[in-house]
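The values are calculated or read from the model by the stated rules, or taken from the named source; none is laboratory data. Worth saying up front: this structure is predicted, and the values here are computed from it rather than measured. Ideal geometry is used to build each Cβ from the backbone, glycine not excepted, and the neighbour counts take in all protein chains shown. Accessible surface is based on the protein model in full, side chains and every heavy atom, while ligands, DNA and RNA are left aside. Shrake-Rupley method; radii C 1.70, N 1.55, O 1.52, S 1.80 Å.
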Amino acid sequence: MGLMRHDETPTLSPSAAAPGTPVPEREEPGPSPWVLRIATVGLVLAALNLRPAITSLGPLLEEVRDGLHMSGSIAGVLTSVPPLCFALFGFMAPRLARRFGPSAVVCAGMAAIAAGLLLRPFAGGTAGFLAASALALMGIAVSNVLMPVIVKRWFPDRVGTMTGLYSMALALGTALAAALTVPLTDALGGSWKAGLGIWAALAVVAVVPWIPFLKDRRDTSGQAAGTPAPPALRITRSRTSWALACFFGLQATAAYISMGWMPQIFRDAGLSAGTSGVLLAVIMAMGVPLAFVIPRVATRLRTQGPIVLVLSGCGLLGYAGLYVAPAGGAWVWALLLGVANCAFPLALTMIGMRSRTGAGVVRLSAFAQSTGYLISIPGPLLVGVLYQHSGGWGLPLTLMAALLVPQTIAGVLAGRDRTVEDEC
């Protein structure tokens, strides 16, 4: 009999095993290359659909306000609906994933986005517009939370690369909707309803690659969907989870203020609707290359505080520029704010880095994103109120710059080298 290496474990057949000795389960083969390719396509298409519902509205906000007879305050409420829906429905994502499987929930999310985007321009009245928007945003909310889970499920050895890939796709979809909505509206006869409704087609396409995964009912821990949940990680006892939630919420506040109001800032400075939409696209497009670079850099650093400081510095310069010369340096301010906006992929990366286990990633992602979106709700609404009552952008821009201070502090704290499991 040959010698056995010290790290080898003898394998017994069921007949040779001693009575009462558990037989080790055979390790399941990994997914085939074709399955991984389809999962990659599905991940990219899903990410492309996570922001057009929001950024397609910004360039046409003035037309939508006129068409639905909205006041500035109501328009502020409209820009606050996305984070509200993300907070409310994001908390549901882990439970839905355990019951139906994360892939099936993402597939249903894409279908909800398609239905909501198709219905909202033609729902009639502000209430119908908000209800259809909420349907689309519900699909976005659960998909938001489950993107890190999908990456952990299918690409456990390439988390950084795949997080960068879907963050890039998310930024690309955000930028395309901002840049193309006005030209598409003009090409479709000038109707804002057609210009908003056309984005439903992209969501319909995103449903298709998820259909083969509807029967995949395992979460990142390998546990079959529908089984009892494991003992809950008391995530609220972790200081890092709270710091990450605050950082996520404050960067989301800046992002949704930009997506909802930045085109209006440029239009009030004398720029055309088309140019204002392109400038918003520039802000969002900066996330395409940086969303791939930042996660890779962040995973190589023990602490992510230096990245937080650089992003916040760019944001302060951008807001100062908008205050002093909104039209003259519009392209420079858009570039700087685009860099600052990349706090989002950094936050997603830290969610994966601050937890050791798949179950921890699910709970931390749900907690940080849902709590963060709750924190972000007042921001866009307050900007709308300040804009309407002051008649200018001085006070709103001051508020935006001031919010960067707590965002920076929370980001530095969240970037410390520790995990929520240890703190809990």
| note | Toy charge model, Lys and Arg Cβ at +1, Asp and Glu Cβ at -1: the chain dipole around Cα centroid in debye, rounded to 20, equals 640 debye
| note | Checked region 243-317 with the C-alpha gyration tensor, a ≥ b ≥ c its square-rooted eigenvalues, rounded below a/c of 1.5, otherwise prolate if a/b is larger than b/c and oblate if not; verdict prolate
| Accessible carbon and sulfur surface of the chain relative to its total accessible area, %, 1.4 Å | 67 percent
| note | Applying the gyration tensor rule to the Cα atoms of region 126-185 (axes a ≥ b ≥ c; rounded if a/c under 1.5, else prolate if a/b exceeds b/c, else oblate), the class is oblate
| Roughly speaking, what is the stretch gain from VAL204 to ALA325, that is 0.36 nm per residue apart minus the C-alpha to C-alpha distance, in nm to one decimal? | 39.4 nm
| field | Residue-by-residue Karplus 3J(HN,Hα) for region 327-334, coefficients 6.51, -1.76, 1.60, Hz, glycine and proline x | value | 8, x, x, 3, 5, 5, 5, 5
| message | Based on DSSP loop calls and a cut-off of at most 10 other Cβ atoms within 10 Å, the longest stretch of the chain free of exposed trypsin sites (Lys or Arg not before Pro) is what? | response | 27-214
| said: Just to be sure I understand: with springs between alpha-carbon atoms less than 10 Å apart, which residue in PRO59, PRO326, PRO102 has the highest mean-square fluctuation in the Gaussian network model of the chain? | reply: PRO326
| task | Please give the per residue accessible area of the chain, computed with a probe of 1.4 Å over protein heavy atoms only, in Å². | result | 43 Å²
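Please compute the Kirkwood hydrodynamic radius of region 75-227 from all pairs of different C-alpha atoms, in Å with one decimal.
Numbers: mean 1/r = 0.0608 Å⁻¹.
Value: 16.5 Å, from the Cα pair sum.
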| note | Given [x] 20.2, 60; [y] 22.8, 89; [z] 21.3, 70 as possible values of Rg and Dmax of the Cα atoms in Å, the one from the coordinates is [y]
